[in-house]
Amino acid sequence: MTITIELGEDAAVSAIWLTPAQPQATYVFAHGAGAGMAHKSMTAIAESLAARGIATLRYNFLYMERGSKRPDAPALAHKAVRAAVAKAHDLAPKLPLFAGGKSFGGRMTSQAQALQPLPDVRGLIFFGFPLHPAGKPSDERAAHLDDVAVPMLFVQGANDSLATVDLLKPVIKRLGTRATLALVEHADHSFHVPAKSGRKDAEVLAEICDTAASWVAQHD
């Protein structure tokens, strides 16, 4: 079901609500910097989560809604995150609520949570947290995570060029019991695996969604 999320000041974004017949939880699912809510990878994850009892609310950031390639400034992105979380709660007020997203969308969600906790959100799920730009290893983008009090699940490709494992693991350790790291062998930032790995992308999709669903069940 396609719906509209109002951001105020004559601004609004589109969203897709996908729910199984008997949902156990809701996940507010933000897209990455280069592809919107209807991208095939977003759709595949949402459908796979639905098969595991998790409803999803996918939504566009305003720049994507307007056809721009330049991501919104953080304050505007955070506004979209908050509006989407509020909409998800309205759609299913009795379901445990989680939030996060792919890459940029996950980071904007965690930034919003760090600045001011998202109402009713029990935990954050990141599908490929972008710890640093490709080729520029750093952990500066993780500094705000110290201010996130809710549990966090980091689902990361072991070959993610935007999150070098030797930098990511100390971040997870620093966050303590709040953070769980699920490394996907051979996978890159988009959770693609090379043929020589002996694995297929469909297997990876099932793995990351099984991981997310299991984690949600432990925190609902």
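The figures follow:
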read-out	value
Qualifying position, being modelled with pLDDT of 95 or more, outside any strand (DSSP E or B) and either closer than 30 Å to A83 by Cβ or not charged (D, E, K, R) (or both), among A182, A202, A134, A149	A149
Failed item, numbered, when Q218 is tested on (1) closer than 15 Å to I125 by Cα; (2) open to solvent by 50 Å² or more (accessible area, probe 1.4 Å); (3) in a loop (DSSP other than H, G, I, E, B)	(3)
Subset tally (residues that are hydroxyl-bearing (S, T, Y), part of a loop (DSSP other than H, G, I, E, B) and within 14 Å of the chain's Cα centre (by Cα)) for segment 1-60	0
Scan of segment 135-171 for residues that are free of Cβ contacts under 8 Å to residues at least 60 places away in the same chain, touching a His at 6+ places or on another chain (Cβ under 8 Å) and either surrounded by fewer than 21 Cβ atoms within 10 Å (Cβ to Cβ) or among the hydrophobic types (A, V, I, L, M, F, W, C) (or both), ordered by number	S138, D139, E140, R141, A158, N159, S161, L162, A163, T164, L167
Subset of segment 191-220 (residues that are among the β-branched types (V, I, T) and more than 20 Å from P151 (Cβ to Cβ))	V193, V204
Any hit, segment 83-92, residues being in a loop (DSSP other than H, G, I, E, B), surrounded by fewer than 18 Cβ atoms within 10 Å (Cβ to Cβ) and at pLDDT 95 or above	yes
Restricting segment 13-30 to residues that are of a type in the set (A, V, I, L, M) and either open to solvent by less than 10 Å² (accessible area, probe 1.4 Å) or touching a residue at least 12 places away in the same chain (Cβ under 8 Å) (or both), the residue that is nearest to R52 (Cα to Cα)	A25
Residues located in segment 185-198, provided they are at pLDDT below 90 and either in contact with a strand residue (DSSP E or B) (Cβ under 9 Å, 6 or more places away or on another chain) or not in a loop (DSSP other than H, G, I, E, B) (or both)	A195, K196, S197
Where a residue in segment 96-113 is assigned to a helix (DSSP H, G or I) and its partner, wherever it lies, is β-branched (V, I, T), with Cβ under 6 Å and at least six apart	M108/V81; T109/V81; S110/V148; A112/V81; Q113/V148
Breaking point among (1) under 15 Å from the mean Cα position of the chain (by Cα); (2) within 21 Å of Q116 (Cα to Cα), for L76	(1)
Residues being under 17 Å from the mean Cα position of the chain (by Cα) and not in a loop (DSSP other than H, G, I, E, B) - total across segment 114-131	8
Failed condition for G67, given (1) in a helix (DSSP H, G or I); (2) open to solvent by 30 Å² or more (accessible area, probe 1.4 Å); (3) of a type outside the set (S, T, N, Q)	(1)
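The values are calculated or read from the model by the stated rules, or taken from the named source; none is laboratory data. Just so you know, these numbers come straight off a predicted model, no measurement behind them. Every residue, glycine as well, gets a Cβ built from its backbone with ideal geometry; the counts of neighbours run over all protein chains shown. Only protein heavy atoms, including side chains, enter the accessible area calculation; ligands, DNA and RNA are left aside. Shrake-Rupley method; radii C 1.70, N 1.55, O 1.52, S 1.80 Å.
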